[in-house]
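Read the structure below first, then the notes.
The values are calculated or read from the model by the stated rules, or taken from the named source; none is laboratory data. Predicted model, so just to flag it, every value in this text is computed and none were measured. FYI the Cβ positions are ideal-geometry reconstructions off the backbone, even for glycines, and counts take in every protein chain you see.
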Amino acid sequence: MITPPPVNWLSLLPGLILTVTGLLILFWDLWMKPEERRLLAWLGFIGFVAAGIVSVLLWGRNESAFNGMLALDAYALFFNVIFCVVGAMTILMSVHYLETVEIQPGEYYALLLFATVGMVVMAAATDLIVIFLGLETMSIAVYVLAGMWIRRLQSSEAALKYFLLGAFASGFFLYGIALLYGATGSVQLDKIATAATTGGVSSLFLVGIALLIVGFGFKVAAAPFHVWTPDVYEGAPTTVTAFMAVGVKAAAFAAFARVFLHTFGSLHAEWEGILWVLAVLTMTVGNITALVQRNIKRMLAYSSIAHAGYLLIAMVAGRDLGGAALLYYLVAYGVMTLGAFGVVLAVGRQGEPNEEVSDYIGLGLRYPVLGAAMTVFMLSLTGVPPLVGFTGKFYIFSAAVQAGYIWLAVLGVLNSVISAYYYIRVVVNMYMYEEGGKTIEALSARPALVTAILLAAVATVFMGVFPSASISLAKESFLPPG
Amino acid sequence: MEQYVPVLIALILGGLIATAMVFASAILGPQKHAPVKEEPFECGNPPSGSAWGRFSVKFYLAAILFIIFDIEVVFLYPWAVVFRQLGLFGFIEMLVFVLILAVGLVYIIKKGALEPA
């Protein structure tokens, strides 16, 4: 008799709910009348909300599943909640948008859920192979999502570019896993950590770490592995861009931080130099290139690269403080970026995306609520107090200073100053000019989208004014270095 | 590393024998060239068009779908071998796996992916 490995079903529950909901959507779509398809969105929404609620209910557990391949700890649950909120917000933004760009809703929502399953696995994985499995589950779904706007040529281009470069990056990642296995004899994170502290570090080990940095650097869009980002973000359907910019980045950072801050915590001196350079390069390239962008999706793509740089500062700072700042900033970055993309969606219309920065001229005067929301998001992305972007940057820079990286903090602050130019330009366009852009008339109010934008705006203001609850949650969730 | 020496020897021997056979037939065999013989072999049909010709994307779809169900069989074989030892747990696990694939099969049939172009 073979005894099967213990499976901890309870700890898999959030992922299971998402999987089953995805399959149900795929199945239901086949027998559905075309005019009923909006129901699929709400089924997906319920799936995300249910998985999020289950993650909250499981809070406080510290277990593992599948012989220590997946962990159910506060860290994984914290990220589960982020992913479920991102997914639910993406669905709210998609309901109307899919009809204007003629995307098949069945496959779209199913893939959104399957991509989130991959993210959940990535955040919970305590084994390099399982991290890879989650990474691929997420990536393959997102490659397809990026190309779903079939009528738009750039969308296919985005999908192909993302797929080819992503497959290449996966190769680097796998090679890194192979070398680490060669150096330590295991792919389990805790065994690798033990090998690192007891057996010393061979050059094979270091090359493996470097290759993992390449793999993760691609997924979080860190310079110099960022070149795919603007084209893919611009070409993909805008809702998918929002999902990629927030969800995929959060998932990649979840695995990145678990492996580097927790498992390789004792080797901090070996990799902090590489990440220091990556952080500075990523911030600077992102911010300076964003200055000259005319398309707002491209501008937000470079802005997301720059924010990956700030998040890398938190990684370099490491320890409890850096880890908590990383988690907090991911939440902060998530709400403000989702909101900004929501406004981009609201300004667009069927056959008329209105994606140029100059299209925003006079918008704030004609649509006061939309303008106010966009102003909140742009100021928050710049890092103006009392919004959440400021609080997040404050925690990151103070973590860097306390860990002794004063120059890194200085460069980060200088970069925030550069970024003010292109974020504030949108606000200036919205309020200070009346003529010169095209006049966008009669935007129809779409309840789901407006709800998403308002939720994001409220979260941006609220978490900025009252940061203590979320920062203590982030501190509680972060794993101490192993 | 010592246990890999036989593998290395087998590798070298295999390479040598294969190379020797190719060259032996080229050196020892009778050589009569004819225009028909020089043509690329295309399953017995007269070759037509360029090797770079385009063909329907449906073929790729069929190939991808084939791989999925091929992999299913790869998983089913080892499972079937130890089926008795795995007991009820293994049975239910495989049922779930096949069920998920069945959802995929129903999906592709309904979408018409298996209909000839």
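Quick notes
- Failed condition for A:ALA250, given (1) farther than 16 Å from A:LEU128 by Cβ; (2) modelled with pLDDT under 95; (3) not hydroxyl-bearing (Ser, Thr, Tyr): (2)
- Note on the stretch B:76-93: residues that are in contact with a helix residue (DSSP H, G or I) (Cβ under 8 Å, 6 or more places away or on another chain), modelled with pLDDT under 90 and farther than 12 Å from A:PRO4 by Cβ total 1.
- Residues (assigned to a helix (DSSP H, G or I) and of a type in the set (Lys, Arg)) located in the stretch A:139-178: A:LYS161
- Test for A:ASP359: is it at pLDDT below 95, charged (D, E, K, R) and within 20 Å of A:PHE253 (Cβ to Cβ): no
- Residue-level check: of (1) modelled with pLDDT of 95 or more; (2) under 22 Å from A:ASP73 (Cα atoms), A:LYS191 misses just (1).
- Test: residue in the stretch B:98-115 that is touching a residue at least 60 places away in the same chain (Cβ under 8 Å), more than 14 Å from chain A (Cβ to nearest Cβ), over 19 Å from the mean Cα position of the chain (by Cα) and not in a helix (DSSP H, G or I): no
- Among the residues of the stretch B:61-97, those identified as of a type in the set (Phe, Trp, Tyr), away from chain A (no Cβ under 12 Å) and surrounded by 11 or more Cβ atoms within 10 Å (Cβ to Cβ) are B:PHE69, B:PHE75, B:PHE97.
- Residues in the stretch A:255-277 that are closer than 20 Å to A:TYR329 by Cα and outside any helix (DSSP H, G or I): 0 in all.
- For the stretch A:130-181, residues that are among the aliphatic types (A, V, I, L, M) and more than 21 Å from the chain's Cα centre (by Cα) total 7.
- For the stretch A:189-254, the helices (runs of 4 or more DSSP H) that sit wholly inside it and include 2 or more residues that are more than 24 Å from A:GLY348 (Cα to Cα) and of a type outside the set (Ser, Thr, Tyr) are A:189-198, A:203-219.
- Among the residues making up the stretch A:210-248, a single one is of a type in the set (D, E, K, R) and buried (at least 24 other Cβ atoms within 10 Å of the Cβ): A:LYS219.
- Filter result for A:ASP359 (farther than 22 Å from A:GLY389 by Cα and either more than 13 Å from the chain's Cα centre (by Cα) or surrounded by 23 or more Cβ atoms within 10 Å (Cβ to Cβ) (or both)): yes
- Here B:LEU16 clears all of (1) surrounded by 10 or more Cβ atoms within 10 Å (Cβ to Cβ); (2) more than 30 Å from A:PRO4 (Cβ to Cβ); (3) in contact (Cβ under 8 Å) with a residue 24 or more places away in the chain except the condition numbered (3).
- Taken over the stretch A:62-110, the criterion of being farther than 26 Å from A:VAL7 by Cα and under 19 Å from the mean Cα position of the chain (by Cα) is satisfied by A:VAL85, A:VAL86, A:GLY87, A:ALA88, A:MET89, A:THR90, A:ILE91, A:LEU92, A:MET93, A:SER94, A:TYR108, A:TYR109.
- If only residues of the stretch A:41-66 that are touching an Asp or Glu at 6+ places or on another chain (Cβ under 9 Å) and more than 14 Å from chain B (Cβ to nearest Cβ) are counted, the one that is surrounded by the most Cβ atoms within 10 Å (Cβ to Cβ) is A:SER64.
- Residues in the stretch B:36-76 that are more than 18 Å from the chain's Cα centre (by Cα) and in a helix (DSSP H, G or I): B:VAL36, B:LYS37, B:GLU38, B:LYS58.
- Yes/no for B:SER25 being farther than 30 Å from A:LEU26 by Cα, more than 14 Å from chain A (Cβ to nearest Cβ), part of a helix (DSSP H, G or I) and of a type in the set (Ser, Thr, Tyr): yes
- Every pair of residues 6+ apart whose Cβ atoms lie under 6 Å, when the first sits in the stretch A:157-186 and is under 26 Å from A:VAL227 (Cα atoms) while the second is polar (S, T, N, Q): A:GLY166/A:SER139
- Every residue from the stretch A:1-40 that is of a type in the set (Ser, Thr, Tyr) and within 14 Å of chain B (Cβ to nearest Cβ): A:THR3, A:THR19, A:THR21
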